[in-house]
Amino acid sequence: MNLKEIDHNGTVEGFVLVKSCEKKNAKNGSVYLDMRLCDNSGEIVAKSWDFREGNFLPEVNSIVKVRGVISDYNNVPQLRVDRVRQVYDSDNVDMSLIIPSSEYDSGFMLESIRSRVNSFNNEQLKKLVTAMLDEYGDRMLGCPAAFRLHHAIRGGLLMHTLTVAKLCDCVSDIYPSIDRELLISGAILHDLCKIDEFNLSPVGLAQSYTVEGSLIGHLVMGAIAVDRVARENDIDRDTVILIEHMLISHHGEPEYGAASRPLFLEAEVLSALDSLDANIYEIENALNGVDAGSFSTKQWALDDRKFYNHGRTELSTRAILDNTQKG
C-alpha cells in the first residue's frame, strides 16, 4: 500500500479505493465497518470500529481518504481506520496511483495481439479473428478480466489475453503437433465477451454482472458472437466449430462453467494455459507484501492453500509482455 506514515505513533494516511464495505455488529452490540481497501500497489483489510448512523459511509468502488494505524491480526496486516472522508477536487488525487491497473498500455497490448493475427498463414483464421477484433477490440481497452479474481484490474482483460497468447506461442514451439494459429486464435477470443459480462464502475472496474453475463456467461456469449461474425464473413464451418468448442470448453470442467470438456488437443492446451496464467496471477497477489520465509493467508480461489514466499525471486512484477514498452 502507498499509505504514508504521518507521525511517530504509526499513524498512516492516504487515498484508497474501496473494494468492499459492510456494516457488521461487534460482540458488544456496536456497529463497525468491515472494509477492503486498495491502491495500485496492493490491498488491506480495514476496520472502522466506532461507526455510528449518520457517519460518512464509503461506497464500494469510490475513492476515499483514510487515516489510521496498521497492525497485525492473526499475522495479517490490518488497518484500524480512525478517520475516513470523501475525496474533493481540491485533493488533486493522482488516479493512476489508486486504481489497480495493468502495467502495460492497453493500446500497446491490443496492437501486439493484432500483429500476431496479421502474421497468420491461415486466411480463414486471420479473417475471423480480425473481424472479431475490428468489432470488439476497442471495447477491450481498459476492461478488467474479472469481477474479483485474476486480472480484476483496468486493462486486465488485454493483459490476460496477450499473456495466454504468448504462452500458446511457447508451447507450440515445443509440441509441433499443435496447430499454432488455431491455438492462438482461441487464446485471443476465449474471454473477448467479458466486455459484455460486467457492469463497470465509474473508475473502470467490474462492480456487478450484466443480465446477459449472469444468464448466459462469456463462454457461450463468445461462441454466439463467433458464429454470427463467421457467417457474416463466410468462414468455413469446420473452422468455426473448432473455435466455438475452444471457447465453450476453456474453463475445463462443467463445475467451473464449461459447457463442454475440451475434446481436442488445442482446446485442452488453451484450457490449461488459461488456468496457469490465472493461478500465477493469484499466487503473486497472495504473496504481495509477504516477507521471505513466510506464508500467505489462505486463498479460497486456490483450494484454501497458503503459499510460501521462498524469497528467491522478485514478486512485484507481472508477466513480461514486452521488455521496453510499459504503460
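The values are calculated or read from the model by the stated rules, or taken from the named source; none is laboratory data. Predicted model, so just to flag it, every value in this text is computed and none were measured. No Cβ is skipped: glycine too gets one built from the backbone with ideal geometry, and neighbour counts run over all protein chains shown. What goes into the accessible areas is simple: the full protein's heavy atoms, side chains included, and nothing from ligands, DNA or RNA. Shrake-Rupley method; radii C 1.70, N 1.55, O 1.52, S 1.80 Å.
Please determine whether any residue of the stretch 295-306 is closer than 19 Å to Ala223 by Cα, open to solvent by 50 Å² or more (accessible area, probe 1.4 Å) and touching a residue at least 40 places away in the same chain (Cβ under 8 Å). Checking the stretch 295-306: not a single residue is closer than 19 Å to Ala223 by Cα, open to solvent by 50 Å² or more (accessible area, probe 1.4 Å) and touching a residue at least 40 places away in the same chain (Cβ under 8 Å).
Only residues that are part of a strand (DSSP E or B) and either of a type outside the set (Gly, Ala, Ser) or free of Cβ contacts under 8 Å to residues at least 60 places away in the same chain (or both) were counted across the stretch 23-59, and they come to 18.
Candidates in the stretch 237-267 are the residues that are acidic (Asp, Glu) and under 22 Å from the mean Cα position of the chain (by Cα); of these, the one that is modelled with the highest pLDDT is Glu253.
Of Leu79, Leu57, all but one fail to be at pLDDT 90 or above and loosely packed, with under 15 Cβ neighbours inside 10 Å; the exception is Leu57.
Out of the residues in the stretch 84-122 that are of a type in the set (Ser, Thr, Tyr) and within 18 Å of Ala152 (Cα to Cα), which is farthest from the chain's Cα centre (by Cα)? Step by step, filter the stretch 84-122, then rank; the result is Ser96. Restricting Ile248, Ile243, Ile216, Ile224 to residues that are touching a residue at least 40 places away in the same chain (Cβ under 8 Å), on the phi < 0 side of the Ramachandran plot and among the hydrophobic types (A, V, I, L, M, F, W, C) narrows the list to Ile243. Go through the stretch 154-171 and give me each residue that's surrounded by 21 or more Cβ atoms within 10 Å (Cβ to Cβ) and among the β-branched types (Val, Ile, Thr). Result: Thr161, Thr163, Val164.
Just so you know, in the stretch 261-278 the residues that are in contact (Cβ under 8 Å) with a residue 24 or more places away in the chain and surrounded by fewer than 16 Cβ atoms within 10 Å (Cβ to Cβ) include one that is farthest from Arg180 (Cα to Cα), and it is Leu276. Looking only at residues in the stretch 115-153 that are among the hydrophobic types (A, V, I, L, M, F, W, C) and surrounded by fewer than 18 Cβ atoms within 10 Å (Cβ to Cβ), the one that is modelled with the highest pLDDT is Ala131. Criterion applied to Ile174, Ile99 was being within 21 Å of Ala319 (Cβ to Cβ) and open to solvent by less than 10 Å² (accessible area, probe 1.4 Å), and the one residue passing it is Ile99. When Phe15 is tested against the conditions (1) open to solvent by 40 Å² or more (accessible area, probe 1.4 Å); (2) assigned to a loop (DSSP other than H, G, I, E, B); (3) modelled with pLDDT of 90 or more; (4) not charged (D, E, K, R), the lone failure is (2). So for the stretch 73-89 (the condition being under 25 Å from Pro202 (Cβ atoms) and aromatic (Phe, Trp, Tyr)), does at least one residue qualify? Yes, the conditions are met somewhere in the stretch 73-89. Residues being more than 20 Å from Asp274 (Cβ to Cβ) and at pLDDT 95 or above are represented in the stretch 157-176 by at least one member. The set of residues in the stretch 60-72 that are open to solvent by 30 Å² or more (accessible area, probe 1.4 Å), out of contact with any Asp or Glu (no Cβ under 8 Å at 6 or more places or on another chain) and under 22 Å from Ile6 (Cα atoms) comprises Ile70, Ser71, Asp72.
Residue by residue through the stretch 18-48, note down the ones that are farther than 17 Å from Ala152 by Cβ, open to solvent by 40 Å² or more (accessible area, probe 1.4 Å) and not aliphatic (A, V, I, L, M). Glu22, Lys23, Lys24, Asn25, Lys27, Asn28, Gly29, Ser30, listed by residue number.
Restricting Ser106, Ser96 to those that are among the hydroxyl-bearing types (Ser, Thr, Tyr) and more than 24 Å from Gly289 (Cα to Cα) reduces the list to Ser106.
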